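The values are calculated or read from the model by the stated rules, or taken from the named source; none is laboratory data. Treat the numbers as computed from the prediction; the structure is a model and nothing was measured. We place every Cβ from the backbone using ideal geometry, glycine too, and count neighbours over all the protein chains shown. For the accessible areas, the whole protein counts, side chains as well, though only heavy atoms, and no ligand, DNA or RNA atoms are used. Shrake-Rupley method; radii C 1.70, N 1.55, O 1.52, S 1.80 Å.
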Amino acid sequence: VISRLFDLLVIGSGPGGQKAALQGAKAGKKVAIIEGNDALGGGCTHSGTLPSKAFRESVYRYALGSKGILGRETSPHSRAKARRPKKVELPEMAKLLERKCRVVEGEAEIVREKLKRNGIEIFEGRAKLLSNTEVEVTSARGRELLAADFIFIATGARPVPPEHLKVDGRRVFDSDSILGLPTFPKSLAVLGAGIIGCEYASIFAAGGTQVTLIDRRQEVLTAVDREIVAHLTEWFQHLGMEILLGAEAVSIEGTEAPLGEAPVRLQLSSGRTLEVDAVLIAQGRYGNTEGLGLEAVGISLGERGLIPVDETFRTSIPTIYAVGDVIGPPSLAATAMEQGRLACCHALGLRDAGACALPPVVPYGIYTIPEISMIGRTEEDLVLSKADFVVGRALYRELARGQIIGDRWGLLKLLVDRKTLKILGVHIIGDSAANLIHIGQAVMSLGGTVHYFVDQVFNYPTLAEAYKTAAFHVLNQPSVSGK
Ligand SMILES: Cc1cc2nc3c(=O)[nH]c(=O)nc-3n(C[C@H](O)[C@H](O)[C@H](O)COP(=O)(O)OP(=O)(O)OC[C@H]3O[C@@H](n4cnc5c(N)ncnc54)[C@H](O)[C@@H]3O)c2cc1C
């Protein structure tokens with residue numbers, strides 16, 4: 001028997017679910033959100049974005065301090081001096097995690113308050129679809145049957161290791177368990193050089209861990225502009241990181257002993273054996289669709305348990321939408337939020353709330369140390385499509401702010417159409433990259449040209465001036481200025 005009727009039911013309280021629910025509530029609808037976890041906020045708040053970024057901040061600040069490996073002033077002319085010192089003092093894991101705990105607790109509370117303030121009802125329990133409009137919620141209190149006109153699935157994704165490698169949360173970790181490390185490891189092998197693998201590899205390396213980054217592919221961060229990746233890997237090597245490409249883990253042995261007693265042995269396909277304190281597996285994620293009852297209502301799953309949707313985020317069943325990590329790439333909190341809002345607008349026919357599809361280009365923030373951010377096309381992509389373009393570069397070390405903060409490695413790269421001078425892509429590596437990208441994003445999405453950067457006055461000294469420098473670099477090239 002249906003116990004409660006709503007206009008909209010949302011499954012999952014991560015960024016995707018929250019924004020779908022809030023958009024529905026703002027439109028005056030009766031909305032409920034169902035969350036299977038003890039606390040609200042999704043994987044984003046409890047195991048993904050926020051814990052990793054709060055931890056990064058703590059490690060980065062430690063690394064910049066007098067005992068950290070980034071804490072020594074180095075000559076702007078001698079990169080060699082930035083090398084990892086021989087003796088490294090490792091930070092205390094418990095201290096580093098204080099910020100993470102504070103941020104996670106705070107955010108879960110903020111989410112709860114926001115949902116309540118908007119009149120959204122919260123159900124704690126596991127959701128399962130019974131029909132196109134009905135959901136069963138199972139919790140310690142028993143079962144409840146809810147019904148609504150529309151259902152939004154925002155159940156996220158989880159890390160899944162390859163079958164032959166076992167995550168035990170003691171010596172072998174995934175991204176959900178890595179911050180459960182009792183001490184900062186002396187050595188760490190990271191399997192997978194995608195975003196999550198590179199982020200954690202660089203965070204631990206900056207903290208003083210001897211990191212080995214391993215990937216079966218021949219490239220690190222395959223979707224990123226190669227020049228930016230070259231800067232990143234050069235920096236990684238200065239942190240003392242070893243990068244092994246074209247190799248994969250065959251087995252992991254010696255995991256019974258506690259961390260700090262004896263090393264675990266990682267056997268690689270190349271024949272090499274690594275002895276390390278701990279292993280992080282970051283090799284792919286699966287949609288959280290098990291037990292959701294999707295097949296029963298007629299929704300077939302795609303690869304890796306992901307839910308296929310159309311451009312409006314509707315599944316094959318018109319009353320059921322899916323957003324966020326459960327539908328696959330780009331698998332970012334930032335896009336999950338917008339997908340949730342847009343899916344709700346589409347379901348409710350809220351045309352005035354904007355178009356119901358994501359903008360053609362979305363920014364990516366990669367919080368390695370140093371940070372990377374990008375929007376639009378890469379140089380390789382433009383070359384492949386035989387586009388006529390110019391590259392403008394600005395190095396942080398040429399900017400007063402770059403000198404002040406000691407970032408000598410930073411680079412901002414503009415890819416510009418040679419004839420129209422419109423921006424085709426922006427790629428940044430260095431401090432505040434993920435913030436800076438939004439200047440380029442605004443100019444790109446408003447159809448502006450490099451003249452915007454030249455004609456406007458920028459605060460001094462800022463990293464944003466990199467846009468002006470890169471724009472001048474474009475305009476000063478003979479093929480553009482006609483010199
Ligand atoms: C280590 C790491 C770092 C990351 N860093 C970034 C970053 O810096 N920037 C960025 O934009 N993105 C980042 N991401 C990605 C980001 O966390 C995800 O894209 C985002 O969390 C996806 O949001 P979502 O709403 O789809 O799902 P989630 O945030 O995963 O939330 C899904 C929720 O659904 C609940 N749920 C699942 N099944 C059920 C069920 N049957 N019934 C009830 N509830 C259910 C879960 O308990 C969970 O709370 C990172 C991810 C990881 C793993």
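The residue of segment 151-183 that is most open to solvent (accessible area, probe 1.4 Å), among those that are within 11 Å of the ligand (Cβ to nearest atom) and under 30 Å from S131 (Cβ atoms), is R158. Pairs linking a residue in segment 187-202 that is of a type in the set (S, T, Y) to a residue that is within 11 Å of the ligand (Cβ to nearest atom) and open to solvent by 10 Å² or more (accessible area, probe 1.4 Å), with Cβ atoms under 7 Å and 6 or more positions apart or on different chains, are Y200/A282. Counting the residues of segment 325-347 that are over 19 Å from V111 (Cα atoms), open to solvent by 40 Å² or more (accessible area, probe 1.4 Å), touching a residue at least 12 places away in the same chain (Cβ under 8 Å) and more than 7 Å from the ligand (Cβ to nearest atom) gives 0. For segment 349-396, filtering for residues that are modelled with pLDDT of 95 or more, surrounded by fewer than 16 Cβ atoms within 10 Å (Cβ to Cβ) and part of a helix (DSSP H, G or I) leaves 4. Taking V309, is it modelled with pLDDT of 95 or more, open to solvent by less than 40 Å² (accessible area, probe 1.4 Å) and touching a helix residue (DSSP H, G or I) at 6+ places or on another chain (Cβ under 8 Å)? Answer is no for this residue. Of everything in segment 1-53 that is of a type in the set (V, I, T) and within 21 Å of V135 (Cα to Cα), the residue that is surrounded by the fewest Cβ atoms within 10 Å (Cβ to Cβ) is V1.
Looking at segment 110-150, which of the residues that are more than 15 Å from the ligand (Cβ to nearest atom) and outside any loop (DSSP other than H, G, I, E, B) is surrounded by the most Cβ atoms within 10 Å (Cβ to Cβ)? The qualifying residue surrounded by the most Cβ atoms within 10 Å (Cβ to Cβ) is F150.
Against the definition (in a helix (DSSP H, G or I), closer than 18 Å to P159 by Cα and either more than 14 Å from the ligand (Cβ to nearest atom) or not polar (S, T, N, Q) (or both)), how does L22 come out, yes or no? In short, no. Among the residues of segment 316-375, those identified as under 29 Å from S131 (Cα atoms) and of a type in the set (V, I, T) are I317, T319, I320, V323, V326, I327, T335. For segment 241-294, residues that are under 30 Å from L129 (Cβ atoms) and either surrounded by fewer than 17 Cβ atoms within 10 Å (Cβ to Cβ) or not charged (D, E, K, R) (or both) total 11.
Residue pairs whose Cβ atoms lie under 7 Å apart, separated by 6 or more positions or on different chains, with the first residue in segment 298-317 and more than 15 Å from A347 (Cβ to Cβ) and the second of a type in the set (F, W, Y) and surrounded by fewer than 21 Cβ atoms within 10 Å (Cβ to Cβ), are R304/Y286; G305/Y286.
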